[in-house]
Amino acid sequence: MADKKPALLVIEDDEGLQAQLKWAYDDFNVVIAGKREDAIAALRSEAPSVVTLDLGLPPDPDGTSEGFKVLDAIMELKPDTKVIVASGHGARESALNAIERGAYDFYQKPVDIDALGLIVRRAFNLHEIEAENRRLLANSGKDKTVLGRMITGAPEMVKVARTIERVAQTNVSVMLLGASGTGKELLARGLHDASDRADKPFVAINCAAIPENLLESELFGHEKGAFTGAVKTTEGKIELANGGTLFLDEVGDIPLPLQVKLLRFLQERTIERIGGRKPIAVNTRIVCATHQDLEAMIGQGTFREDLFYRLAEIVVRIPGLAERHGDPVLLAKAFLKRFSGEMNPSVTGFAPDALAAIDAHEWPGNVRELENRVKRAVIMADGKLVNAGDLDFDDDEGEPDDVLNLKAAREQTDRRVIRHALARSQGNISSTAKLLGISRPTLYDLIKQYDLDTST
């Protein structure tokens, strides 16, 4: 018996184009829908992995309102669907808006059947890979990775990873906003690996770590003899990343004169080395990151507004570790496994008081701080289990933050105590209830009320 063809839902009101697409994709079960009601019905009945969507649908064929309603409905009903939207000439803003709302990719009208076919087949392949990853994750119950390498079980970070996966296949510039130590470079590498530039170079540079008088040469390169000490022609980081991705960390530290030169590269896609006289065409995608408030810097005149909008076509905000519920313990266990193998094989895990301390800490240094503390603890531990003392926390974790009233203070304390008990009990509900001196039903009610994560 032949394998069933995968379903491809084509949402398009042009009957001629409907017929053309159906004829072109004979290796798929092409389902046609010309309006929103038919599209939703087909989504429910066929559950397609991939959808092509023309945003201009009746009763708004010249606009995008109806198409966005369809896109929103698909994302709500079947969020794993890869939706590829049509982008008319000059409709770049609509295409980017669609990607922010969950679309996988976009194609330019008038339709190039071969080009669209490549996008469709790539979408089917990616959907199959993601489905397999979900099956493996469900079966193992242990490995919680996104973007191939980032460990997380927190919905906040899963959402970030999904956004990055969606924009990876486009060439838009991406800005990652987050505090130091939140994993911005790891996410940038994940974006590169998920893109069609994955087999090309990924180059990273920390703009804050290089003196201003050297940064231009680092980025743009220089010709032999351009300045004292320039004994040979040297390619800059932008040129070294040709065909691939350049990650500019701490982009807010680029001085204003150099911002102008970077803007010119983003506009023209050519560079000139220091001392050079001819433009060099470079196909490098820019991903940047900062912990600074660039919009405030624009108001102060220290960062160019036009450069900001060139760099921030898509903005991804990365939550701090304290906002990633359950992740501190999850990451700590992964770090302990790695460092014990490298430095102290006798260490096999964490004592309950260490898990409670990890869960309670605010992590101002984020994942980098956690990694360093676990490394130190593994080295310093005397027994098989790392205890709270090995982690070198202060005895006093501090009082609750200022709160509005007594009820809010009580809720904050409840959350903290329940989280600590769950960590000590390794997520076991019966043991946690016993530690807290309450019944299991009461504990379940509190977990639901405070939306607490019971995994460890």
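Only Lys, Arg, Asp and Glu count, each charged at its Cβ (+1, +1, -1, -1), so figure out the dipole size of the stretch 158-217 about its Cα centre, rounded to 20 debye.
That gives the stretch 158-217 a dipole magnitude of about 300 debye.
Roughly how many debye, to the nearest 20, is the charge dipole of the chain about its Cα centre, given +1 on each Lys and Arg Cβ, -1 on each Asp and Glu Cβ, and no other charges?
1080 debye
Normalised by the number of residues in the stretch 1-89, what is the relative contact order in percent for Cα pairs under 8 Å and 6+ residues apart?
29 percent
Would you please classify the overall shape of the stretch 255-296 from the alpha carbon gyration tensor, given that a ≥ b ≥ c denote the square roots of the eigenvalues, rounded means a/c under 1.5, and beyond that prolate means a/b larger than b/c while oblate covers the rest?
Verdict is prolate for the stretch 255-296.
With each label point set 7 Å from Cα along the Cα-Cβ vector, what nm distance links E223 and E130?
Here the answer is 4.8 nm between the modelled labels.
Say each of A230 and A47 gets a label point 7 Å from the Cα, pointing the same way as Cα to Cβ; how far apart are those two points in nm?
It works out to 6.2 nm between the two label points.
What aspartates and glutamates does K337 reach when the alpha-carbon gap must be under 20 Å and sequence neighbours fewer than 8 apart in one chain are set aside?
Reachable aspartates and glutamates: D143, D327, D353, D359, E369, E371, D382, D390, D392.
Dipole of the chain (Lys/Arg Cβ +1, Asp/Glu Cβ -1, origin at the Cα centre): which of L77, F227, I314 lies farthest to the positive side?
So the residue we want is F227.
Give me a comma-separated list of calculated 3J(HN,Hα) values for the stretch 219-226, in order, Karplus coefficients 6.51, -1.76, 1.60 applied at θ = phi - 60°, integers in Hz, x for any Gly or Pro.
7, 9, x, 8, 8, 4, x, 5
Over all distinct alpha-carbon pairs, what is the Kirkwood Rh of the chain in angstrom?
25.4 Å is the Kirkwood radius here.
What's the carbon and sulfur percent of the chain's accessible surface, probe 1.4 angstrom, rounded to a whole number?
About 49 percent, which is the carbon plus sulfur part of the accessible surface.
Using Cα pairs under 8 angstrom and six or more residues apart, how large is the relative contact order of the stretch 205-324, in percent?
Value for the stretch 205-324: 27 percent.
Give the cross-link partners of K333 among the lysines, using a straight C-alpha distance below 29 Å as the criterion and excluding same-chain residues fewer than 8 apart.
List returned: K142, K144, K159, K184, K375, K384, K434, K448.
Dipole magnitude of the stretch 1-110 about its Cα centre, charges +1 at Lys/Arg Cβ and -1 at Asp/Glu Cβ only, in debye to the nearest 20?
Computed charge dipole of the stretch 1-110: roughly 240 debye.
Answer rounded, prolate or oblate for the stretch 200-259, using the Cα gyration tensor with square roots of eigenvalues a ≥ b ≥ c: rounded when a/c is under 1.5, else prolate when a/b is larger than b/c, else oblate.
Oblate is the answer for the stretch 200-259, as a/c is 1.5 or above yet b/c matches or exceeds a/b.
Against the empirical 2.2 N^0.38 Å scaling, what ratio does the C-alpha Rg of the stretch 145-295 come to?
After normalising by residue count via 2.2 N^0.38 Å, the value is 1.09.
Pop the C-beta distance of K448 and A296 into the FRET formula with R0 = 25 Å and round what comes out to the nearest 0.05.
That gives a FRET efficiency of 0.05.
For R92 and N213 in the same chain, what is the full-extension length gain: residue separation times 0.36 nm, less their Cα-Cα distance, in nm?
39.9 nm
Give the lysines reachable from K232 as a straight Cα distance under 24 Å; neighbours fewer than 8 places away on the same chain don't count.
K224, K261, K278
In the chain, with Lys and Arg counted as +1 and Asp and Glu as -1 at Cβ, which of these residues, L240, M297, F335, has the Cα nearest the positive end of the dipole, that is, farthest along it?
Toward the positive end, the furthest listed residue is F335.
Excluding ligands, DNA and RNA, what is the solvent-accessible area per residue of the chain at a probe of 1.4 Å, expressed in Å²?
51 Å²
Give me the three principal axis extents of the stretch 207-366 from the C-alpha atoms, as integers in angstrom, largest value leading.
Sorted from largest, the Cα extents of the stretch 207-366 read 65, 39, 28 Å.
By DSSP, what percent of the beta bridges with both residues in the chain are antiparallel, rounded to the nearest 5?
15 percent
The values are calculated or read from the model by the stated rules, or taken from the named source; none is laboratory data. Here the structure is a predicted model, which means the values were calculated and not measured. Virtual Cβ from ideal backbone geometry, glycine too; neighbours counted across all protein chains shown. Accessible surface areas use protein heavy atoms only, side chains included; no ligands, DNA or RNA. Shrake-Rupley method; radii C 1.70, N 1.55, O 1.52, S 1.80 Å.
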